[in-house]
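See below for the structure under consideration.
Taken together, the values in this text are just the output of simple stated rules run on the coordinates, not laboratory data. All figures in this text were calculated on a predicted structure; none of them were measured in a lab. Please note: Cβ atoms are built from the backbone with ideal geometry, for glycine as well, and neighbour counts cover all protein chains shown.
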Amino acid sequence: MAAKEDISISVIKRLPRYYRFLQSLKENGIVRISSKELAARMGLTASQIRHDFNCFGGFGQQGYGYNVPELHSKIGEILGVNKEIKTILIGAGNLGKAVTNKIFSKKTGFKLIGIFDKNEALCGNMIKGIPIRNINYLENFCIDNEPVCAVTCIPSNDMSEITDLLVKVGIKSFLNFSNFDIAMAHPGVLVENVHLTDSLLTLGYLTNSTLNVEEE
Ligand code: NAI
């Protein structure tokens, strides 16, 4: 088993995909799979899979392969899906509502404990059983409830002030949907940026390249 600090971020970033694949195998009643078969299904190589799992101690048995429910549960454990990282949402507009309804219905290890917006008309409305509070209550709420993670779904112009406050009251990690570069402003915090249009722009470039080649 590798020391935590020696496990590369690319291995860690592959874990959710393993988890998702294994979940689907499990749901389809598959109990046992070889690294070769798992690799073929995932478009990886068997040695890559073995290398990734060996970072965490290796889970297969020579001649048997992997027990799917066991492996799924072990990877879930590594990812921390059974934990409850206290999380708040900033911005309960279209995106905030959609994201909240989707990501907090799955077991991901994050527990939504508070929702904040500056629009008074939204305050008091509930999302997933949690009331939307006025952003003015953010600081006191964080001091009292000690959330660790924030999901930010507000325009970039408002982000600088809000992230300064969030970092000051102890937020350690961000799922950031805005264009504001949190990591530049606060190098010590963990940030996962999500930009749906980046995927579309990449796809656009690749699609256009294919079309241009065909036209030549
Ligand atoms: P929206 O206008 O429906 O919602 C924004 C919400 O944020 C509103 O309820 C507003 O009152 C609230 N808000 C604004 N400033 C605030 C502050 N300082 N404190 C608390 N609440 C505040 O907009 P939508 O569609 O939900 O998008 C939100 C942001 O996410 C936009 O800036 C948009 O550019 C970005 N976005 C990012 C995407 C991505 O893939 N990363 C995809 C779609 C939108």
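In the chain, excluding the sites themselves, the longest stretch lacking any of the trypsin sites (Lys or Arg not before Pro) that are in a DSSP loop with at most 16 other Cβ atoms within 10 Å is 1-82. Note on the chain: Cα-only Rg and Dmax are 20.7, 64 Å.
Helical runs (DSSP H, four residues minimum) scored at -39500 (n - 2.57) apiece and divided by the length of the chain put the mean residue ellipticity at 222 nm at -14000 deg cm²/dmol. Which Cα, out of 11, 171, 160, lies furthest along the positive dipole direction of the chain (beta carbon charges, K/R +1, D/E -1)? Positive-end residue among those listed: 11.
Counted by Cβ distance under 15 Å from residue 138, the other residues give a net charge of -4, where Lys and Arg count +1 and Asp and Glu count -1. Comparing mean-square fluctuations of 175, 71, 201 from a GNM of the chain with C-alpha springs under 10 Å, the top value falls on 201. Run the dipole for the chain about the Cα centre, Lys and Arg Cβ at +1, Asp and Glu Cβ at -1, nothing else charged, and hand back the magnitude in debye, nearest 20. Around 1000 debye, computed over the chain. Computed over neighbours whose Cβ is under 11 Å from that of residue 124, the net charge equals -1, Lys and Arg +1, Asp and Glu -1.
What lysines does residue 36 reach when the alpha-carbon gap must be under 18 Å and sequence neighbours fewer than 8 apart in one chain are set aside? In chain and number order, the partners are 26. Mind checking which of 76, 91, 60 has the largest fluctuation in a GNM of the chain, springs on alpha carbons under 10 Å? Sorting by GNM fluctuation, first place goes to 60.
By DSSP, the beta bridges lying fully in the chain are antiparallel in about 20 percent of cases. Given the pairs 111/172; 74/111; 128/172, which are separated by over 18 angstrom at their Cα positions? Pairs exceeding 18 Å: 74/111; 128/172. If only the Cβ of Lys and Arg carry +1 and only the Cβ of Asp and Glu carry -1, the dipole of segment 108-204 around its Cα centre is close to 280 debye.
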